[in-house]
Structures are given as C-alpha cells and as structure tokens.
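Working notes for the structure below.
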Amino acid sequence: MAKGEGAESGSAAGLLPTGVLQAGERPAQKEPKKKQQLSICNKLCYAVGGAPYQVTGCALGFFLQIYLLDVAQVDPFSASIILFVGRAWDAFTDPLVGFCISKSSWTRLGRLMPWIVFSTPLAIIAYFLIWFVPDFPQGQALWYLLFYCLFETLVTCFHVPYSALTMFISTEQSERDSATAYRMTVEVLGTVLGTAIQGQIVGQADTPCLQVPNGSEVASEGANRTHSSTSLRGTQNAYLLAAGVIASIYVICAVILVLGVREQREPYETQQAEPMSFFRGLRLVMSHGPYIKLIAGFLFTSLAFMLVEGNFALFCTYTLGFRNEFQNLLLAIMLSATFTIPVWQWFLTRFGKKMAVYIGISSAVPFLILVALKESNLIVTYVVAVAAGISVAAAFLLPWSMLPDVIDDFHLKQPHSHGTEPIFFSFYVFFTKFASGVSLGISTLSLDFAGYQTRGCSQPARVRFTLKMLVTMAPIVLILLGLLLFKLYPIDEEKRRQNKKALQALREEASSSGCSDTDSTELASIL
C-alpha cells in the first residue's frame with residue numbers, strides 16, 4: 001500500500017506544480033475500501049433504540065385493559081372498542097408509514113432519522129395522555145380511543161424507520177447480524193423493564209376491587225364510596241407516575257440512538273436517477289419469493305407464541321391454579337430469553353440461520369407437550385417457562401436477522417430498485433401484528449364458546465380445557481406448520497455467502513466509479 005501511494009504522488013507531482021499540490025487536495029490519494037466495523041458503542045446505541053417500542057408496548061399490553069375498566073371506569077363494551085380499534089389501527093399504520101418513508105428524501109440526518117427525531121416528543125405526550133383520566137365522563141371513550149390511536153401512529157413513525165435502519169448502519173452482513181443480536185437483547189430487557197416499572201409502581205396503589213361478595217352489596221357499596229375518593233385517585237396518580245417514568249426512558253433511548261448511530265447510504269444507491277414509486281416497490285417486494293416464504297413461516301410461529309402470551313395469565317390462574325405466581329413465571333420467561341439471545345447469535349453464526357430456526361423454535365414443543373400431559377406442578381411450570389424463554393429468544397432474534405438477507409437477495413435481483421427497505425420491514429411488522437389480532441380473536445371466541453365467567457374465582461372444566469389447548473396443543477400445531485414452511489425458504493448459508501460476495505463486488509464497482517468521477521472533477525478544477 002505504501003508503494004502505491006508513493007507512485008501516485010510522484011506521478012501527480014510530475015503533472016502539477018508543487019504549490020498547487022500543497023494548496024489543494026491530493027487528487028490521486030486512494031486506499032482500498034476497508035470493511036465497515038461497528039464499535040461496541042455503536043451497536044449499543046443502536047440497540048437502545050429498540051427499547052421504547054418494547055417498554056411502552058408491554059405496559060399497554062399488560063395494563064391498559066385493567067386500567068380502562070377499573071381505574072378510568074370505562075364500560076366494558078367501550079373498552080373492547082378502544083382495544084380492538086387501537087390494535088387494528090396500529091397494524092394498518094405500518095404500511096402507511098412505510099409508504100411515507102419510501103417517499104422521503106435524504107437529509108443531513110439521513111432518510112430515516114428525521115422520522116425518529118420528530119415523532120418522539122409527540123409520542124411521549126400522547127402516551128402520557130393515555131394514562132390520564134379526564135373530568136368529562138361522557139367523552140372518556142373518545143378521549144382514550146383518540147390518544148391510543150395517535151400514540152400507536154407516532155410510535156410506528158419511530159419503530160418502522162428504526163427497524164429499517166438495520167440496513168443502513170453498515171454494509172457488512174456480519175456487522176448487521178451482530179447489531180441485531182444487541183438489539184434483541186435490549187428489546188427483551190425492555191419488555192422486562194416495562195412490565196416491572198408499571199407493575200411495581202401501580203402495585204403500590206390500593207385499587208378498588210370491582211368484585212363484590214354475594215349478600216354484602218349494600219355494606220360494601222358504602223365502604224367503596226368512602227374509599228374511592230382516596231384509593232382511586234391514588235391509583236390514577238400511580239398510573240401517571242409510571243407513564244412519566246416510561247416516557248422519560250423513551251426520550252433517553254431516542255437521544256442515545258440519534259447521537260450514537262450514523263445512517264449510511266449504499267454507494268450504488270446514489271447512482272439511481274429517480275426513486276421508485278411505492279406501489280411499484282410493493283409489487284416487487286410482494287412478488288419476491290424468499291420474502292413471502294419467510295413471513296409465511298414466521299406468521300405461524302408468531303401466532304403460536306402470541307397464543308401462549310395472550311392466555312398465559314389465565315392459564316396459570318385457572319388451569320394450573322398458580323394465581324400468585326404469574327409475575328414470577330413471566331419474569332422467568334423474559335430473563336431466560338434475555339440470557340439466551342447471545343447464545344442464539346453464536347449458534348446462527350456457527351451453524352446457520354435455518355438450523356437456528358429449526359432448533360430454536362422447536363425446542364419449546366417437548367415442554368409444551370409435558371405441560372399438556374402432566375398434572376399441575378410448580379417446578380415443572382418453571383422449567384417450562386425457562387424453556388419457553390429460550391424459544392422466545394430465537395423467535396425475537398431470527399426474523400430480524402434473516403430479513404436483511406432477503407433484502408440483499410432482492411437488491412441483487414432488482415439492482416435498480418432502491419428505497420424498498422421500509423416496505424420490507426413495515427409489512428413484516430404488519431403481518432406480525434395481524435397475527436396478534438388473530439390470536440386475540442381466536443382466544444376470545446374460544447373462551448366465550450366454552451362459557452368463560454368474567455368475574456369468577458374459578459372457571460368451568462370446559463374453560464380450563466380450552467385454556468390448556470390454547471397454550472399447548474394449538475401452539476404446537478402452529479409451530480410445526482411454520483417449520484414446514486421454512487423448508488421452502490431458499491436462502492441457506494451457501495446462498496447467503498454468494499449474495500454477500502456479489503453485493504460486495506457491486507459496492508466496490510459503484511465506489512470505484514464514483515471515486516473516478518470525483519477525481520476527474522477535482523483534477524480539472526485544480527488544473
């Protein structure tokens with residue numbers, strides 16, 4: 001390298017006067033392009049950006065329903081409308097935001113970062129107002145519906161560009177995989193943090209109980225009236241305090257992300273004459289076979305884990321009889337997932353991503369069978385919780401690690417189709433949320449047909465059996481279907497290495513042509 005630099009300098013000195021060379025840039029001083037290595041600090045700053053979505057999502061997922069019913073005292077029908085419309089709107093905002101991002105132009109901050117910067121302050125205001133009880137009872141349902149949908153829109157404006165940012169933090173697939181592992185670890189920690197903060201702060205308040213024992217309605221009504229002026233207000237303040245703490249975490253994580261991560265542009269993307277239209281990009285993305293097979297496989301596996309997640313509390317309470325162990329079992333799942341993500345990152349780099357999918361996601365099946373066949377046992381339940389956390393870690397990590405491979409394959413087959421990354425990520429998130437809505441609908445309808453009693457201390461045998469099927473057998477069937485679909489996924493390790501080499505050659509060709517044009521312009525201006 002030293003000889004090359006000396007030769008180039010000597011030839012330039014023969015052509016140009018010494019004074020000109022000293023006054024301007026050296027026109028022919030080029031070095032071979034080095035691999036882009038992300039520092040641990042860069043990866044941590046990128047990973048921290050995934051926490052806001054998970055912290056707020058966990059707090060809303062576990063506590064919004066009980067907050068609307070017990071604290072805000074919204075009637076159950078209105079509460080169901082708020083929750084259903086909010087989830088449906090949340091799903092449809094992902095492709096909508098993806099469309100808007102695809103039409104965005106590059107700025108000094110990048111193409112994705114401005115969305116994160118400008119959505120953050122509005123999102124925390126909307127989040128705080130979700131947990132505020134207004135003074136007008138007649139319009140409460142509209143209040144919560146408005147700010148719930150508004151927050152979901154704004155957090156989508158944060159999370160969709162953040163997800164697509166994976167493709168722009170480095171051009172090296174190994175660096176992106178490593179950063180994704182950091183991100184998944186922080187996101188799992190975010191779920192634990194959101195549940196712990198909301199649960200511990202709200203748990204300190206004395207929430208009035210809505211269930212009244214038979215025969216004591218009159219006496220308890222007077223006690224509730226005298227108690228509601230203090231305990232209900234204290235509970236409302238506790239929810240506001242928890243919202244303030246979580247909103248502060250949201251802002252801190254967004255600031256760390258913006259200051260610690262630099263969005264990079266692909267060299268060959270700058271040569272594109274004009275951006276592709278969203279609908280043409282959508283047609284190309286949805287006709288890309290590896291992407292369809294990937295999201296189809298993860299749609300079934302995501303539905304399986306969401307069935308377990310959505311019915312876990314009811315299953316522990318009514319089927320297993322562990323009413324007071326739910327939070328501890330949930331913590332065991334999340335901690336197991338957190339500590340296992342680095343292991344899965346090592347495994348996929350050593351044995352490949354498809355093998356990690358087969359081993360990681362299927363590892364929960366034997367333990368789910370054990371729960372289905374064995375009588376209630378607390379120790380066995382904790383073992384199953386730890387095993388479920390291992391599979392949850394794989395389900396967290398692998399989709400986000402495999403999506404960049406699909407996008408790289410798409411870029412090779414469509415070399416002039418750039419700006420489609422937000423479409424890939426937004427529609428994957430859309431299908432994931434669609435699976436969440438499907439799991440919620442299946443669970444609610446199944447329990448309703450089984451005769452679920454909303455305020456019962458115990459449930460009929462049919463309800464307990466239905467919960468066992470929803471948490472064990474149904475997820476097993478869905479996992480097996482998902483793994484069968486993964487057999488059709490064409491990007492194995494050999495294909496991934498070929499794509500990496502081809503993309504690297506494309507980047508080097510684009511960079512060298514760009515450098516040649518720049519050097520020619522500089523040389524002409526100096527002469």
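The values are calculated or read from the model by the stated rules, or taken from the named source; none is laboratory data. All values derive from a computational prediction rather than experimental measurement. Methodologically, a virtual Cβ is constructed for each residue, glycine included, from the backbone with ideal geometry; neighbour enumeration extends over all protein chains shown. Surface accessibility is based on the protein's heavy atoms, side chains included, excluding ligands, DNA and RNA. Shrake-Rupley method; radii C 1.70, N 1.55, O 1.52, S 1.80 Å.
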Taking Thr107 as the residue in question, decide whether it is over 24 Å from Tyr144 (Cα atoms), outside the structural domain of Phe434 (by the TED database) and of a type outside the set (Gly, Ala, Ser). yes
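For every residue, the table says whether it meets (1) in contact with a His (Cβ under 8 Å, 6 or more places away or on another chain); (2) assigned by the TED database to the domain that holds Leu335; (3) open to solvent by 10 Å² or more (accessible area, probe 1.4 Å); (4) modelled with pLDDT under 85.
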site	(1), (2), (3), (4)
Arg350	no, yes, yes, no
Lys354	no, yes, yes, no
Tyr358	no, yes, yes, no
Ser362	no, yes, yes, no
Leu373	no, yes, yes, yes
Ile390	no, yes, yes, no
Ala393	no, yes, no, yes
Phe396	no, yes, yes, yes
Pro404	no, yes, no, yes
Report yes if Thr454 is more than 28 Å from Ile491 (Cβ to Cβ), in contact with a Ser or Thr (Cβ under 8 Å, 6 or more places away or on another chain) and either at pLDDT 80 or above or not in a helix (DSSP H, G or I) (or both), otherwise no. no
Looking at Ser105, Ser119, Ser78, Ser163, can you tell me which residue is part of a helix (DSSP H, G or I) and open to solvent by 20 Å² or more (accessible area, probe 1.4 Å)? Ser78
For region 161-180, which positions are more than 20 Å from Ile249 (Cβ to Cβ) and either modelled with pLDDT of 90 or more or in contact with a Gly (Cβ under 6 Å, 6 or more places away or on another chain) (or both)? none
Exactly one of (1) of a type in the set (Val, Ile, Thr); (2) within 19 Å of Gly389 (Cβ to Cβ); (3) touching a residue at least 40 places away in the same chain (Cβ under 8 Å) is unmet by Thr319. Its number? (2)
Residue check for Ala79: within 25 Å of Phe168 (Cβ to Cβ) and either modelled with pLDDT under 90 or under 21 Å from the mean Cα position of the chain (by Cα) (or both): no
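Results for (1) at pLDDT below 85; (2) touching a Gly at 6+ places or on another chain (Cβ under 7 Å), shown as yes or no for each residue.
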{"position": "Arg283", "(1), (2)": "yes, no"}
{"position": "Phe300", "(1), (2)": "no, yes"}
{"position": "Gly321", "(1), (2)": "yes, no"}
{"position": "Ile333", "(1), (2)": "yes, yes"}
Complete set of residues in region 166-180 that are among the acidic types (Asp, Glu) and in a loop (DSSP other than H, G, I, E, B): Glu172
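Rundown of residues vs (1) open to solvent by 10 Å² or more (accessible area, probe 1.4 Å); (2) modelled with pLDDT of 80 or more; (3) more than 24 Å from Cys45 (Cβ to Cβ), yes/no style:
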| position | (1), (2), (3) |
| --- | --- |
| Ile130 | no, yes, yes |
| Ala141 | yes, yes, yes |
| Ala205 | yes, no, yes |
| Cys209 | yes, no, yes |
| Glu221 | yes, no, yes |
Counted residues, region 372-405 - those being of a type in the set (Val, Ile, Thr) and closer than 30 Å to Tyr428 by Cβ: 4
Considering only residues that are within 14 Å of Leu68 (Cβ to Cβ) and surrounded by 23 or more Cβ atoms within 10 Å (Cβ to Cβ), look in region 143-160 and name the one that is farthest from the chain's Cα centre (by Cα). Tyr144
Criterion first (of a type outside the set (S, T, N, Q), open to solvent by 40 Å² or more (accessible area, probe 1.4 Å) and modelled with pLDDT of 85 or more) does Ile292 satisfy it? yes
Positions within region 368-413 being touching a Lys or Arg at 6+ places or on another chain (Cβ under 8 Å) and small (Gly, Ala, Ser), in sequence order: Ala372, Ser401
In region 89-102, anything over 17 Å from the mean Cα position of the chain (by Cα) and open to solvent by less than 50 Å² (accessible area, probe 1.4 Å) is listed as Ile101, Ser102
Of the numbered conditions (1) modelled with pLDDT under 85; (2) more than 17 Å from the chain's Cα centre (by Cα), Val383 satisfies every one except a single condition; which is it? (1)
